[in-house]
Amino acid sequence: MSDTYTLYNQTVMDHFMNPRNMGDVKDADGIGEVGAAACGDIMKISLKIKDGRIEDARFKTFGCGSAIASSSMATELIKGRTIAEAMNFSNQEVVDALGGLPPVKIHCSVLAEEALKAALEDYVKKHPELAAQINKSEPVAV
Amino acid sequence: MSDTYTLYNQTVMDHFMNPRNMGDVKDADGIGEVGAAACGDIMKISLKIKDGRIEDARFKTFGCGSAIASSSMATELIKGRTIAEAMNFSNQEVVDALGGLPPVKIHCSVLAEEALKAALEDYVKKHPELAAQINKSEPVAV
Amino acid sequence: MRHVFLDHQSSTPVLPEVFDAMKPFFMEAFGNPSSLHQHGLRVRDAMKKARQQMAALINADSEEEIFFTSDGTESSNLAIKGVAYANERKGKHLVVSATEHPSVMQSVEFLEKQGWTCTRVSVDPEGLINLEELKAAITPQTVLVAVHHVNHDIGTIEPIVEVGRICAEKNVPLYVDCEASAGWLPVDVKQFGAALVSFSPHRFYGPKGVGVLYRNKKARIVSIMHGGVQEGGRRAGTENVPAIVGGGVAAEIALREMPTRIEHTATLQKRLWDGLKTNIKFIKLNGPEPGPMRVSTNLNLSTEFIEGEGQLLLCDMSGIAVASGSSCVSKSLKISHVLGAIGLDHALAQGNIIMSLGKGNTADDIDYVVEAFGKIVVKLRGMSPMWDEFERGVIDSVINPTGRGKSFSQHAADISGKAAH
Amino acid sequence: MRHVFLDHQSSTPVLPEVFDAMKPFFMEAFGNPSSLHQHGLRVRDAMKKARQQMAALINADSEEEIFFTSDGTESSNLAIKGVAYANERKGKHLVVSATEHPSVMQSVEFLEKQGWTCTRVSVDPEGLINLEELKAAITPQTVLVAVHHVNHDIGTIEPIVEVGRICAEKNVPLYVDCEASAGWLPVDVKQFGAALVSFSPHRFYGPKGVGVLYRNKKARIVSIMHGGVQEGGRRAGTENVPAIVGGGVAAEIALREMPTRIEHTATLQKRLWDGLKTNIKFIKLNGPEPGPMRVSTNLNLSTEFIEGEGQLLLCDMSGIAVASGSSCVSKSLKISHVLGAIGLDHALAQGNIIMSLGKGNTADDIDYVVEAFGKIVVKLRGMSPMWDEFERGVIDSVINPTGRGKSFSQHAADISGKAAH
Ligand SMILES: Cc1ncc(COP(=O)(O)O)c(C=O)c1O
Ligand SMILES: Cc1ncc(COP(=O)(O)O)c(C=O)c1O
């Protein structure tokens, strides 16, 4: 066999083999850990937030290749976004940026969205003063 | 392909390809024609009988390879036999002499037995004086 | 001795290109397509290509509409039972033509034992389905109509486009068994308006061990082979990868060569039938005359006063391979239900053989067959009590009645004590 | 990079001798075995020989007890449904072990929808069937007991001789799925007292596209694939001749080489498991220890705190082919019902991969795998929030409980809001 055959496309494989932002943010401002009951995957995202923007994002994932790639890609995508922008983050962005996922694996990108939102909620919980603004979906200026 | 593969064994094929006693006995003493409703085969055997013995036997058959081979073999087997002997003729003799027939084709040998018996009955019908003796299954001396 | 293979309907040799395509999948790329590693992924890619090739042959929109089974029989079983089980709540009625292949007929009989009902639509003496009867047979409980494209016994091309139109009007899915046509006649699932179409590559120079079922995405069907989730959950079991790959290549070549194949076989078909009917008296072609209503590969012949197996065996001994009766059931004693359905006299149904042409046959082959078959008929008639009785005026010919004697069937019934049919 | 194929349970490459035996049947001897001419008769002879070779592998009395299907799945379907339909009048109850292959389980579920009932007999934590429960499950309405020889997931060898004895006492036919054992472990239909046995050559260096069903002449079974009268009327459809011939040769070689194959794989199995458990902490072997209760080819491993697919993909990228979960259903998300039946903790069932050995693997291969797999585990644990939480004492290990923290499953349930199982 000369070629290499892969279960996922090149982008997904790259993010699985060389995950970006793997680990935990030190002194994180928000941490979200979520699990998918159906497949048992567990994803944790930690955020460093400064001036209303996500300065750093890191993940740890117990899950299949596309779960790892999804969390890697999600953390890449959200770095530099404002909290409100991040609150509107959708799993479709992950799927698109990864160049597609197999239908049975779309839920992995959903899990990444959920982990991110859980981390943001954690941050907001610690900063109740931001809740009103965020719910209006307006840019949050701190 | 170097070998020849055959549906039936060599003996059957030989009797099918080179049937013995094919045709009609001239001025036959007994003629039997029978048909098998199940498969549609038709078999006709004609006999020349002299001094209570089958001097000649010939067949014509509308039927499959094993029907033709069965009638060829049956006519071979019964030549020279007495009427009473021929009356006891069984299809198994044909099967054995042919070295076996496929299970679904055994009825062909039965048809040969029936054609022979029909021919004998035809002969006996024309010679009512023999009926008593034949039914006792004793050798018939004329 | 010359060897002439005239039984292409039973099977065809695999083309060298097809064999070459299959080869790597035995020893090198031997993976199971369900495996998630290199070995599995490689063959999955190859299967996808084969699906595309199959889709192209029948003008299907997408390779996702192609399912692989083990053979034509399984495809028929899946089409009939899979649709019936999937639509049980809608209704339990099926409509099929009376001349479908046993894989359809027997599947239907099986369902009848489980509470389904089925209407068998009659055909005319040439095997063409009665469209009015078909239309009338469809009820609100009908979940499937099955009419094959070409009849495997007598070569009749059914008016599928009209059948499809009726099914569309009545909103009932149509299953078209294309086993006897695919590769030899254009099959267009869209033009047919077919929800399901089946065929199998071993009939057009592909390998045995794979069948194809096309299913339009709108048609509901459930699996009848239970187990793993292969083939999108519609056919469990480890896929026969080499055969699938080879079948795909065979489909691609068949599509490309189709015009040539049709022309070639049509020419030989005409030559063969012309030769035979000139050379042999009391011979009948069953099904339509060669032309637009008959597939170019098939001749179904009844030669009067002699029986079929003997013809077949003597042909074989002359190097000519032909089929007797229904090519798929020649081990059984019964005559083809197709010949029954077209109302063929029992005497003719018995003297029945099928010659089917392929791309390798030549005009010389045909001339040899015409001559050899003439001799075979003479030999068998010489042995036949019926021929003798016909000549003596005891019985009459069915093909060319002379007005003297009783019928063969009457005679057969008289001597066997039972009706022949 | 070294390439190590450790997924012999999914499929095996065809042996050169097997391929050579198949070759003539694609282009030269391409006949349909139903044909009555040379081309058909030749392949019929070849199929008979293959039947004898299959019969010899499982110590069957006669080749007439061997039926060919398209794969192991179809054999299971035929065994289960064919016996159920044939004995409907006697009763509509089946008994199966809880760890049968999906082709058995799903066939049973299909029948349950049609009015049959089925008792699933539990197994112990190593996968061994509960014989008392089996005995108690059999009622006068039971028409079939199905217990596989070796479990495809966890390698457990079932006590088939005792199962056979119970079935004989109760006078119920026994079906033994030998797909995971045939060719790797002696199978003796007489010693088993089995009415039906199935296996498939692609698991022991034969081709895909053929399955085998042994049926003792006394066992009643009807066809589930309807159509022609092939395989004595028990399986319609054109036979996959090349695969049948190749499968026969594979069976013959497997029988001859069996002692060597067993010894070779058993040695490697021990080396592999010893290496892994030395090298990796919190790793568990599912199923019995290597030895008389486990097939020599299979290791089913749960590595804690990491998930299976990632292990599989990283193995693949290191040239090592392994299976994740049940080798036949790895496309589905669900964890193996076998691991559920042995009561394996959900966390361990997820981190599950199967390594299966073959005759081509070497000791060097094994050493490479031990080292590479160790690195893979380190990499994945480095990414795993669970490993981190275990190290921080938030959750505990199932394999080696330390008495601190909550369970993985509890933690998973807490964060997902639902129970993990
Ligand atoms: C019209 C038709 N359908 C289905 C089949 C069954 O196909 P297979 O023999 O490939 O199983 C045949 C076989 O002759 C056929 O002619
Ligand atoms: C025990 C067992 N039975 C049946 C099957 C189904 O066999 P196949 O994949 O050949 O259809 C498998 C496949 O893995 C199996 O392991």
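The values are calculated or read from the model by the stated rules, or taken from the named source; none is laboratory data. Values in this document were obtained by computation on a predicted structure and should not be read as measured data. Using ideal geometry, Cβ is built from the backbone for each residue, glycine included, and neighbour counts are taken over all protein chains shown.
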Residue within the stretch A:53-70 that is surrounded by fewer than 22 Cβ atoms within 10 Å (Cβ to Cβ) and out of contact with any strand residue (DSSP E or B) (no Cβ under 9 Å at 6 or more places or on another chain) present: no
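Confirm whether A:I42 is β-branched (V, I, T), modelled with pLDDT of 95 or more and touching a helix residue (DSSP H, G or I) at 6+ places or on another chain (Cβ under 8 Å).
no
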Pick from the stretch C:1-20, criterion surrounded by 24 or more Cβ atoms within 10 Å (Cβ to Cβ) and not hydroxyl-bearing (S, T, Y), ranking: nearest to the other protein chains (Cβ to nearest Cβ): C:V14
Residue in the stretch C:201-224 that is within 11 Å of ligand 1 (Cβ to nearest atom), within 14 Å of another protein chain (Cβ to nearest Cβ) and hydroxyl-bearing (S, T, Y) present: no
Any hit, the stretch C:97-111, residues being more than 16 Å from ligand 1 (Cβ to nearest atom) and either surrounded by 17 or more Cβ atoms within 10 Å (Cβ to Cβ) or modelled with pLDDT of 95 or more (or both): yes
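Take the stretch A:66-78 and flag every residue that is more than 12 Å from chain D (Cβ to nearest Cβ) and out of contact with any Lys or Arg (no Cβ under 9 Å at 6 or more places or on another chain).
Just the residues of the stretch A:66-78 that are more than 12 Å from chain D (Cβ to nearest Cβ), to begin with: A:70, A:73-78.
A:A74, A:L77, A:I78, listed by residue number.
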Out of C:L57, C:L94, sole residue that is touching a Cys at 6+ places or on another chain (Cβ under 6 Å) and either within 16 Å of ligand 1 (Cβ to nearest atom) or among the aliphatic types (A, V, I, L, M) (or both): C:L94
Of the criteria (1) under 22 Å from C:I157 (Cβ atoms); (2) not in a helix (DSSP H, G or I), which one C:K281 fails: (1)
Selected residue (only one of D:T297, D:T260 is out of contact with any Cys (no Cβ under 7 Å at 6 or more places or on another chain), more than 16 Å from ligand 2 (Cβ to nearest atom) and not hydrophobic (A, V, I, L, M, F, W, C)): D:T260
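Kindly indicate whether D:G247 is among the small types (G, A, S), away from chain C (no Cβ under 14 Å) and more than 16 Å from ligand 1 (Cβ to nearest atom). Quick ask: steps written out before the conclusion?
Values: among the small types (G, A, S): yes; away from chain C (no Cβ under 14 Å): no; more than 16 Å from ligand 1 (Cβ to nearest atom): yes.
No.
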For A:G63: the one exception among (1) more than 14 Å from every other protein chain (Cβ to nearest Cβ); (2) without any contact (Cβ under 8 Å) to a residue 60 or more places away in the chain: (1)
Looking only at the stretch D:159-203, and only at residues there that are under 19 Å from the mean Cα position of the chain (by Cα) and acidic (D, E), the one that is surrounded by the fewest Cβ atoms within 10 Å (Cβ to Cβ): D:D188
Number of positions in the stretch D:205-242 that are under 17 Å from D:G40 (Cβ atoms) and assigned to a helix (DSSP H, G or I): 4
Single residue of C:G206, C:G233, C:G228 found to be surrounded by 24 or more Cβ atoms within 10 Å (Cβ to Cβ) and within 16 Å of ligand 2 (Cβ to nearest atom): C:G228
Unmet requirement for C:L41, which otherwise passes all of (1) more than 30 Å from C:Y175 (Cβ to Cβ); (2) surrounded by fewer than 23 Cβ atoms within 10 Å (Cβ to Cβ); (3) within 16 Å of ligand 2 (Cβ to nearest atom): (3)
Flag if D:V197 is more than 11 Å from ligand 2 (Cβ to nearest atom) and not in a loop (DSSP other than H, G, I, E, B): yes
Qualifying residue in the stretch C:314-322 (condition: modelled with pLDDT of 95 or more, touching a strand residue (DSSP E or B) at 6+ places or on another chain (Cβ under 6 Å) and away from every other protein chain (no Cβ under 14 Å)): no
Given (1) surrounded by fewer than 19 Cβ atoms within 10 Å (Cβ to Cβ); (2) within 11 Å of another protein chain (Cβ to nearest Cβ), index of the condition C:I399 fails: (2)
Every residue from the stretch C:44-73 that is away from ligand 2 (no atom under 16 Å from the Cβ), crowded, with 19+ Cβ neighbours inside 10 Å and hydrophobic (A, V, I, L, M, F, W, C): C:A46, C:A50, C:M54, C:A55, C:L57, C:I58, C:A60, C:I66
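Conditions (1) at the interface with another protein chain (Cβ under 8 Å from one of its Cβ atoms); (2) more than 16 Å from ligand 1 (Cβ to nearest atom); (3) in contact with a Phe, Trp or Tyr (Cβ under 9 Å, 6 or more places away or on another chain), marked per residue:
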site: D:A251; (1), (2), (3): no, yes, yes
site: D:A266; (1), (2), (3): no, yes, no
site: D:W273; (1), (2), (3): no, yes, no
site: D:K277; (1), (2), (3): no, yes, no
site: D:K284; (1), (2), (3): no, yes, no
site: D:M293; (1), (2), (3): no, yes, no
site: D:L299; (1), (2), (3): no, yes, yes
site: D:L312; (1), (2), (3): yes, yes, no
Conditions (1) crowded, with 24+ Cβ neighbours inside 10 Å; (2) not assigned by TED's automatic domain parsing to the domain that holds C:R44; number of the one not met by C:T267: (1)
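Is it fair to say A:I45 is of a type outside the set (S, T, N, Q) and in contact (Cβ under 8 Å) with a residue 60 or more places away in the chain?
Details: of a type outside the set (S, T, N, Q): yes; in contact (Cβ under 8 Å) with a residue 60 or more places away in the chain: yes.
So A:I45 passes the test.
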